[in-house]
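**Student:** Questions regarding the structure given below will be posed in turn.
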Amino acid sequence: MVATFIVLPTPKFSSLSSISSTSSWVTSADFSSFNRKLQPNQDHVCTCRSSLNRVSSSVLHAASSASKSFSSASLLWRKRHNQSSNVVVSATSDVISSPFPEDESENNSVSKSVESQESENNESRPKWAPKWFPQWLIDVKKQPWMQLALILPLYVLHLLVFSKQSFPLPKQLILHEKMTRLGMDSIVGFLVTVATLVWRKSMKLYPVVPNLLEADNNNPPWSVPRDQRRKVVPTTVVLIIAYIFSGYGALVWEQLLLFSSVYGVPLTIPTLRAWKVLLGHLMWVYMGLKILDQRLHPFFPPKGKWLRLKFKENWGWWALGGYYVSALLFNIADLVNQLVLPPSVFNDETVVSKLINPENRDLVAMAIGSIGPCITAPVFEEVLYRGFLLPALIFYLPISAGLPISSVLFAAHHLNPGGMIPLTVLGLAWAMLYTKSRNLLVTIVIHAMWNSRVFLGSLLGL
């Protein structure tokens, strides 16, 4: 500001009276003109002061915007260095705090947007994925068909290469005459197991070796209301009756097929058998699903809580790894099976073996016979044993007991004494995979690949 000083001339006075009269003149006349001269300067000062206020307000708003920009850049830098969201949010509140009340809502919106970006980043980047793991392999969970396309080549590799190759064991390691060679599929399954443990160790996923007979954090993939417990036993009885009835239904279909062959429908013995088994199986599947849906309604997701099945999740890695490890476990169980059971048990030819190897290599019969085991049976059996029976047993038993019991019942349902031990091991492995992956689609895909492996092996002569 500019200060204005006005110097007035000093008059000479001869007496006090003159001083008095002169003082009144100066006060009344001269100061009135002085005020008139000073008034424009005061207006100019007020104008300058208002301009300075506007400039000061603009500067303060610019400083606030710069503070918010700096805070956003700081938060993005912290996010790229994988710092936790709690630290980022606390840093945000310290940096972008503003003395202006009107800016607090804007600051809160900036904090919320950065926090939402952080949460989205955490969701898209799970704990098991290291920094070098390609992001597109994580985002593939949104495309179920892409996951299937990724695991199919590795499934074919296992089928055509790993399951065909074996290596002779040194004499020092041969404990029995049936233990002379080591299959490559067993070696690969062992390597997958070791790699999984090393991965969990490097990513600090503790415990490194989880308790496979317990659900993570005591949170199984089902949450069945307690009032459904009274329906378990009646539903089980109705399912058993339906299973027996489907067996008689298969005989009815057989008679109808024989009757149709009289009128010229071309049916060979393998084809007739394949149609009979398939139609009886489809009757059992339809009745079983209908019983579960009506007696335990709502049974199926999304409203039902008996099972959990999600397509847009990372089920592909679980399915592929579970399939590789299942081959290792099956080979071990099959070896124990051969050492424990007498050879006469394995000489009995079952219906499934006739479907796999039909007379005269009837390809039509093999194609018809493969529909049930490779497509409908994996879905229905997983729903029945892992979706219904396992949660039903947990009403009465701890999960550590329910898992093996459901696996024994799964093996017994196949009516194959020679495969009781291997099927029990597979059922237990798949039940544990379901509780850990929390997605029934994992075991459905493994089950389908496993059964398809048997038919494709017979078709390709593996």
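The values are calculated or read from the model by the stated rules, or taken from the named source; none is laboratory data. Please read all numbers here as calculations on a predicted model, not as lab measurements. Counting neighbours? That spans all protein chains shown, and the Cβs are built from the backbone with ideal geometry, glycine included. Each accessible area value is taken on the protein alone, full model and side chains, heavy atoms only, with ligands, DNA and RNA left out. Shrake-Rupley method; radii C 1.70, N 1.55, O 1.52, S 1.80 Å.
**Student:** Please verify whether the range 173-185 includes one or more residues that are surrounded by 13 or more Cβ atoms within 10 Å (Cβ to Cβ), part of a helix (DSSP H, G or I) and in contact (Cβ under 8 Å) with a residue 60 or more places away in the chain.
**Tutor:** Checked against the condition, which is being surrounded by 13 or more Cβ atoms within 10 Å (Cβ to Cβ), part of a helix (DSSP H, G or I) and in contact (Cβ under 8 Å) with a residue 60 or more places away in the chain, the range 173-185 yields at least one hit.
**Student:** Which count do you get for residues in the range 217-228 that are exposed (fewer than 13 other Cβ atoms within 10 Å of the Cβ) and either assigned to a helix (DSSP H, G or I) or not hydroxyl-bearing (Ser, Thr, Tyr) (or both)?
**Tutor:** Number satisfying all stated conditions: 6.
**Student:** Somewhere in the range 321-337, is a residue buried (at least 20 other Cβ atoms within 10 Å of the Cβ) and over 19 Å from LEU428 (Cβ atoms)?
**Tutor:** Looking through the range 321-337, none of the residues is buried (at least 20 other Cβ atoms within 10 Å of the Cβ) and over 19 Å from LEU428 (Cβ atoms).
**Student:** Of the residues VAL238, VAL194, VAL232, which single one is surrounded by fewer than 12 Cβ atoms within 10 Å (Cβ to Cβ) and modelled with pLDDT of 90 or more?
**Tutor:** Just a single option satisfies the conditions, and that option is VAL194.
**Student:** Moving on to the next point. Can you pull out every residue in the range 146-166 that is in contact with a helix residue (DSSP H, G or I) (Cβ under 7 Å, 6 or more places away or on another chain) and open to solvent by 80 Å² or more (accessible area, probe 1.4 Å)?
**Tutor:** Hits for the range 146-166 are MET146, GLN165.
**Student:** Continuing with the same structure: Scan the range 254-290 for residues that are assigned to a helix (DSSP H, G or I), open to solvent by 60 Å² or more (accessible area, probe 1.4 Å) and more than 25 Å from THR235 (Cα to Cα) and jot them down.
**Tutor:** GLN255, LEU256, LEU258, PHE259, VAL262, ILE269, TRP275
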